[in-house]
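The values are calculated or read from the model by the stated rules, or taken from the named source; none is laboratory data. The shown structure was predicted, so the numbers you read here are calculated from the model rather than taken from an experiment. Positions of Cβ are backbone-derived with ideal geometry, glycine not excepted, and every protein chain shown enters the neighbour counts. These accessible areas exclude ligands, DNA and RNA; they are computed on the full protein's heavy atoms, side chains included. Shrake-Rupley method; radii C 1.70, N 1.55, O 1.52, S 1.80 Å.
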Amino acid sequence: MIAAVLSLTLLGALLGVVLGCADRFLRVEGNPLVDEIGALMPGSNCGQCGFPGCAGAAAAIVAGSAAPTCCPPGGKALAAAVAGRLGLAVDLSALADDGPQIAGVAEELCIGCCRCSKVCPTDAIVGAAKQIHNVLREACTGCANCVDLCPTEALLLQPVPPTLPHWVMPKPLGA
Amino acid sequence: MGILTTFKDWFGNDWGVHPDDRKRPAADAAVRVMPVPERLWLPLQQHLGAPARPVVLVGQRVKKGQLLAEAQGAVSAPVHAPTSGTVAAIAEITAPHPSGLTLPAIVVDADGADEWGERVGCADPFALAPDEIGRRVAAAGVVGLGGAAFPSSVKLAGAARAGVATLIVNGSECEPYLSCDDRLMRDAAAAIVDGIRIMRHASGAARVLVGIEDNKPEALAAMAAAAASCAEIRVCRVPARYPMGSEKQLIQALSGIEVPADSRPADVGVIVHNVGTALAVRAAIRDGQPLISRLLTVNGGCVVAPGNIEVRLGTLAADVLAFAGGLHGDGLGLARRLLGGPMMGMQIPHWRVPVVKGTSGILALAADEAAAGDADPCIRCASCVRACPVGLLPLEMSARIRNDALDAAAALGLADCIACGCCAYVCPSRIPLVQYFQHAKGELAARERARLRTDATRKLAAQRQERLAREASEKAAAAARRKAERAAQQSAAEKLVQGEPA
Ligand code: SF4
Ligand code: SF4
Ligand code: SF4
Ligand code: SF4
């Protein structure tokens, strides 16, 4: 009886010390997981997710307050990568519906004021003062930063038109 | 799965299916040549690789065989005018593709003269250097006519570089309903053998094996007779079994060489060309004729007069069907419109779709020929596993894709699926297995593109930050320089002021 009490007490005390040491010396600064998720994000800090930049979104995803699907420019690929890293199940079908959008300049409205090109996080807008501006399709992430700034409402977000090489056979229904 | 894998070992040699081939009577009817229609639509992309770039202007007069659009990039093919006439427009037309999307095409209005432009032929192709043959084949826009439409010159050049030993000529034509290759071999065996010899010269292969399925005895006899005088060409009978015409299956059946999953035939010293391609190569080299027409099969229960028809590229499928006698009851019983064969062909939304280089057939199937009905749950009968020529587990892959576990499906070898359709053909529950696999492959490719795009976005954002920082520091440096200059000027002026009274 005495031996059992003694050995358990001793064990408890010993483990307590080990835990205490671990807490002291092995404590991690910040959350490496957040950094890891942040490295997967596009990094343009466009704000489409509703968070202050990509790092904020990464923190929210790790904390569970945002879905892995919250980044529109990242799309399904990013959502799948993030969910895979965190071991979460995600419903990717929601992302398919409205599809990605990109900005376009209505050339007859643009007055070449240069306001839009200054705020684009990916430098997707090209143009010079008093010249018609244009959006490079490949570089635009559809963040809409530029849209409200345009004094003539020349900038509008438009869905990316489907093209032959990018078409995906639909998933069979039912079964 | 363990059980299934064992199952696979037992039945490993039993791949493929034996569908009712339904090639006759279309295969036995004499070839008809369709007159040039009034208007032709020539898509800029009729091949694998980059689309061609137009080099003609709207309103320009073109001769038959004149270059309309040039190849762009290493893997691409030019497009030529199939007849003489006027370029009416460069416009969008429904693509020969299941999506029903459009693609840009050059529209040529025929003038009826059908007058050739300049042609540079060659009486002795064997005196030409192999790479010169490759160059001429590329300039003639020849692509694989079996359906994949891969630029032939790229394959020939790759073969010469890799030093392949064997050229395999695919005359198996394993798809049901299609008989255009059969017809070519019966009618033009000598020309095909000539084309094969030119391709052998260009690729540097030592021996040639021609594989023909045993359901085409007339073609076998004709080809064997034509090749009798060429010791290096052997015509081989292969069992009729779908998909015998798939590259890797045909290579194994003819030469016993198994092509590993992640390599190409050239890696094991083999290239495969179609018999129709051999004929097109001959025309390109001997007569200097670009690829402007092809033989295709019009077939199916709804077609009034099925058969093989020689058609100019760019002819609308609707016109071809009208020439073939139209559809029974004006298409009332039509269940499926297909380009290509029923196993791997693509369903099209309507008949206003142009014939392109890879169009081997136009099928109008009646309801009793088209598998229909709703899918039932999988009963795990493993018929699909036995049928798969690649050795995959279709039931396991489709179950994962249904639950959107695409990575799990990819881990089961999804990328090796050749979309042959054997699994769906044998499935008693009528599960659209191939559609699952095509969907998953497209989706995975889209995700890969999105991933690359995210990487590019990250780089662009970083470059912008760098640019902003550089601009800020340059501005600061310029301001500092101006300040220093001003200070220097000021002190000089002060000195001057101070020095004046002295
Ligand atoms: S162009 Fe406009 S919408 Fe597109 S990334 Fe730049 S700021 Fe955002
Ligand atoms: S903000 Fe509008 S008007 Fe100004 S340059 Fe951009 S698109 Fe043109
Ligand atoms: S479609 Fe793919 S999975 Fe099905 S039998 Fe053919 S190769 Fe196998
Ligand atoms: S053939 Fe169809 S029912 Fe049978 S195991 Fe395959 S998917 Fe299931």
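Any idea what the relative contact order of the range A:101-159 is, in percent, if you count C-alpha pairs under 8 Å spaced at least 6 apart?
Values: 112 pairs, mean separation 28.4, N = 59.
Normalised by residue count, the contact order of the range A:101-159 is 48 percent.
How much FRET efficiency would the formula 1/(1 + (r/R0)^6) give for B:A190 and B:H350, where r is the Cβ-Cβ distance and R0 is 45 Å, rounded to 0.05? Mind showing how you got there, number by number?
Values: r = 40 Å, r/R0 = 0.89.
It comes out at approximately 0.65.
Hey, got the dipole for the protein assembly as shown? About the Cα centre, +1 on K and R Cβ, -1 on D and E Cβ, debye to the nearest 20? If you can, show how the numbers build up before the last one.
Values: 64 positive and 64 negative charges, 230 e Å.
Dipole of the protein assembly as shown, to the nearest 20 debye: 1100 debye.
Could you report the accessible area of A:V90 in Å², rounded to 10, computed with a 1.4 Å probe on the protein chains as they sit in the structure?
50
Translational diffusion coefficient, Stokes-Einstein: compute it for the range B:25-293 using the Kirkwood radius over C-alpha pairs as Rh, at 20 °C and 1.002 mPa s, and state it as an integer in µm² s⁻¹. Numbers along the way, then the final one.
Working: Rh = 19.3 Å.
Roughly 111 µm²/s, to the nearest whole number.
Rounding to the nearest 10 and keeping the result within 0 to 90°, find how far the Cα-based axis of helix A:75-86 lies from the longest principal axis of chain A.
The helix A:75-86 is inclined about 10 degrees to chain A.
Normalise the Debye intensity by I(0) for chain B, one equal point scatterer per Cα, no solvent, then take log10 at q = 0.10 Å⁻¹ and round to two decimals.
Debye intensities relative to I(0), on a log10 scale: -0.82.
Kindly report, to the nearest 10 Å², the accessible surface of B:E471 as traced by a 1.4 Å probe over protein heavy atoms only.
The value for B:E471 is about 80 Å².
Compute the distance in nm between two label points, each set 7 Å from the Cα along the Cα-to-Cβ direction, one at A:E107 and one at B:D287.
4.5
For labels at B:A318 and A:D91 in the simple 7 Å Cα→Cβ model, what's the distance in nm?
For the pair B:A318/A:D91, the computed spacing is 4.3 nm.
Reported to two decimal places, what Rg/Rh ratio describes the range B:33-142 when computed on Cα atoms with Rh from the Kirkwood expression? List each step's numbers first, then the result.
Working: Rg = 15.1 Å, Rh = 15.0 Å.
Radius of gyration over Kirkwood radius for the range B:33-142 works out to 1.00.
To one decimal place, what orientation-averaged projected area in nm² is obtained for the convex hull of the Cα set of the protein assembly as shown?
Working: hull surface 209.7 nm².
Mean projected area for the protein assembly as shown: 52.4 nm², to one decimal.
Just the Cα atoms of the range A:17-175, one point each, no solvent: what log10 I(q)/I(0) does Debye give at q = 0.09, 0.12, 0.13 Å⁻¹?
-0.42, -0.66, -0.74
Which value, in Å² rounded to 10, gives the accessible area of B:D267 with a 1.4 Å probe and all protein chains present?
About 90 Å², rounded to the nearest 10.
How far apart, in nm, are the 7 Å Cα→Cβ label points at B:A29 and A:W167?
According to this spin-label approximation, the distance is 2.9 nm.
Quick check: with the 1.4 Å probe, what order do A:D23, B:D262, B:D287 take by accessible area, largest first? Please list the in-between numbers first.
On the way: A:D23 90, B:D262 145, B:D287 65 Å².
Of A:D23, B:D262, B:D287, the descending order of accessible area is B:D262, A:D23, B:D287.
Calculate, in nm to one decimal, what B:A405 and B:A129 gain on full extension: separation in residues at 0.36 nm each, minus their alpha carbon distance.
Working: separation 276, 0.36 × 276 = 99.36 nm, distance 5.16 nm.
That pair, B:A405 and B:A129, stretches by 94.2 nm at full extension.
Please state the relative contact order of the range B:238-381 as a whole percent: Cα pairs under 8 Å, 6+ residues apart? The partial results should precede the final answer.
Working: 191 pairs, mean separation 28.2, N = 144.
Here the relative contact order equals 20 percent.
List the Cys residues of chain A that have no partner Cys with a C-beta closer than 4.7 Å.
Flagged as lacking a Cys partner: A:C21, A:C54, A:C71, A:C110, A:C113, A:C114, A:C120, A:C140, A:C150.
For chain B, what proportion of DSSP beta bridges, expressed in % and rounded to the nearest 5, is antiparallel?
Working: 37 of 61 bridges.
Of all bridge pairs located within chain B, approximately 60 percent are antiparallel.
Stokes-Einstein at 4 °C, 1.567 mPa s, Kirkwood radius from Cα pairs: D for the range B:294-366 in µm² s⁻¹?
Details: Rh = 11.7 Å.
Answer from the Stokes-Einstein relation: 110 µm²/s.
Taking chain A as the reference, fit the longest principal axis to its C-alpha atoms, fit the long axis of helix A:2-25 to the helix C-alpha atoms, and give the angle between the two in degrees, 0 to 90, nearest 10.
30
Quick check: with the 1.4 Å probe, what order do B:S84, A:S7 take by accessible area, largest first? Mind dumping the intermediate values first?
Working: B:S84 0, A:S7 65 Å².
Of B:S84, A:S7, the descending order of accessible area is A:S7, B:S84.
For an R0 of 45 angstrom, estimate the FRET efficiency from the Cβ-Cβ distance between B:A305 and B:R380 and round to the nearest 0.05.
Numbers: r = 45 Å, r/R0 = 0.99.
In this case the efficiency is close to 0.50.
Quote the FRET efficiency, to the nearest 0.05, computed for B:E115 versus B:A335 with a Förster distance R0 of 41 Å and r equal to the Cβ-Cβ distance. Before the final figure, lay out each step's value.
On the way: r = 42 Å, r/R0 = 1.03.
Computed FRET efficiency for B:E115 and B:A335 comes out at 0.45.
Please compute the contact order of chain B in relative form: average sequence separation of alpha-carbon pairs under 8 Å and at least six residues apart, divided by the residue count, as a percent. Could the numbers behind the result be given before it?
On the way: 1020 pairs, mean separation 83.3, N = 502.
The value is 17 percent.
Enter the Cα centre distance for the pair the range A:24-58 and the range B:140-163, rounded to the nearest angstrom.
49
What number results when the radius of gyration of the range A:105-175, computed over Cα atoms, is divided by 2.2 N^0.38 Å?
On the way: Rg = 15.9 Å, N = 71, 2.2 N^0.38 = 11.1 Å.
For the range A:105-175, the normalised Cα radius of gyration is 1.43.
In terms of solvent-accessible area of protein heavy atoms at a 1.4 angstrom probe, what is the ranking of B:I431, B:I257, B:I379, highest value first? Show your work: numbers first, answer last.
Working: B:I431 10, B:I257 50, B:I379 110 Å².
Solvent-accessible surface, decreasing: B:I379, B:I257, B:I431.
For the protein assembly as shown, what is the calculated [θ] at 222 nm in deg cm²/dmol (nearest 500), taking -39500 (n - 2.57) for each run of four or more DSSP H residues and dividing by its residue count? Intermediate results must be reported in sequence, preceding the final value.
On the way: 20 runs with 251 residues, N = 677.
Taken over the protein assembly as shown, the calculation gives -11500 deg cm²/dmol.
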